[in-house]
Amino acid sequence: MKPSIAVSSYSAVAHKYDGAANENSFWGELARRSYESIALESSYRVIVDIGCGTGLALHHLRSRAPDTMTLIGIEPAEQMRLLAEQRSAGVAGIEFREGRFEELPLAEASVDYLYSIWALHWTTEPDRAAAEIKRVLKDDGEMDLWFTGLNTGGEFSRKTGEVLRRYVGLEARLRAASVGNAFRSFSSSNAWFRFSIPSA
Ligand SMILES: C[S@@+](CC[C@H](N)C(=O)[O-])C[C@H]1O[C@@H](n2cnc3c(N)ncnc32)[C@H](O)[C@@H]1O
């Protein structure tokens with residue numbers, strides 16, 4: 001796989017990632033709101049965070065997840081992953097693996113809930129990333145993807161809207177949209193999305 005500039009850049013700035021400047025930034029605030037809004041269903045056994053960075057979200061979820069749930073962080077940037085491992089050292093039921101959207105180190109149909117916060121837009125091979133997500137999610141698995149789209153994000157909305165209407169019920173679509181609208185007041189020039197697939 002081609003080396004990614006995004007991955008080497010995140011590794012290089014990893015030591016600054018958890019600083020106050022990032023934490024108090026627009027992106028830090030959105031990341032915090034995103035993981036705080038995650039609802040952990042009691043049926044989940046395996047939960048995966050892709051592009052988990054320094055592991056803040058997973059560490060937070062571990063504090064409110066029952067012991068029956070295993071949390072796995074996937075992160076390609078070595079220095080980000082090391083910080084995630086340090087943050088959760090000695091905590092049971094949480095582990096970190098090297099990997100990326102395009103090549104997930106996970107077995108087929110092994111994941112109950114998959115989420116990703118501000119990482120999907122870094123993939124250089126979206127089709128491959130989508131195929132990998134489909135491969136690892138259980139048939140009744142759920143996911144939340146938070147990511148940015150260029151400009152107004154209209155192209156993304158047009159392409160996914162039709163699919164969502166076909167497979168996701170109205171109530172679930174409205175629920176996802178209302179969370180998005182609450183965030184939109186922060187929005188910069190690029191649109192951002194929470195793309196949710198709840199089980200039928
Ligand atoms: C903005 S950070 C977000 C980190 C974390 N999710 C958070 O909310 O703090 C983006 C992360 O995506 C990772 N990343 C870059 N390319 C990726 C890819 N192809 N697959 C998965 N993660 C990737 C980066 O290494 C970085 O840790």
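By the Stokes-Einstein formula, at 0.890 mPa s and 25 °C, the range 51-175 with its Kirkwood radius over alpha-carbon pairs has D equal to 155 µm²/s. Stretching Arg45 away from Lys134 to a fully extended chain increases their span by 30.3 nm, per 0.36 nm per residue minus the current alpha-carbon distance.
FRET efficiency for the pair Ala20 and Glu85, taken as 1/(1 + (r/R0)^6) with r the Cβ-Cβ distance and R0 = 25 Å, rounds to 0.65.
In sequence order, the range 56-68 has phi-based couplings of 4, 5, 5, 4, 4, 5, 4, 5, 10, 9, x, 4, 5 Hz under the Karplus curve 6.51 cos²θ - 1.76 cosθ + 1.60, θ = phi - 60°, and Gly or Pro positions carry x.
A short reminder: the numbers here are calculations on the coordinates, not readings from a lab. In this text the structure is predicted, and so the values were computed from the model without any measurement. Here Cβ is always computed from backbone atoms with ideal geometry, including for glycine, and neighbour counts include all displayed protein chains.
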